[in-house]
Amino acid sequence: MNFHQRVYEFLRTVPKGKVVTYGQIAANIGAPRSSRQVGWALHVNPQPGVIPCHRVVNREGRLAPAFAFGGIEVQASLLRAEGVEVNDGYVDLSRYQYKAE
């Protein structure tokens, strides 16, 4: 399984109403120093409706300013539809961060 496939596979495990960080994905797929590559994998997501890249935020809980599928407002809208509160472009990680087992 290549890097992008590992990113997508992990992201499919993140439930609605939760978010993960780029670094968290990188660590969970065994590439802890590859946060930027995770971002690129999400940018070229081949199945945006299936692979929930909108559930990824930065380490501070900030939404992606260049969300690949419509911009920050689209990402915020998708997250809000899943019950995630978004305030001024940020998500409270202490409340919404997914803890992978």
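Every read-out reported here was derived from the displayed coordinates using simple, explicitly stated rules and does not represent laboratory data. Quick caveat, the model's predicted, so the values are computed rather than measured. Backbone-built Cβ (ideal geometry, glycine too); neighbour counts: all protein chains shown.
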Given the C-alpha atoms of the range 3-96, compute the convex hull and give its volume per residue in Å³.
85 Å³
Assertion target for Ser94, Ser35, ordered by fewest C-beta neighbours within 10 angstrom first, is Ser94, Ser35
Computed lengthening from Ser77 to Arg62, 0.36 nm per intervening residue step minus Cα-Cα distance
4.0 nm
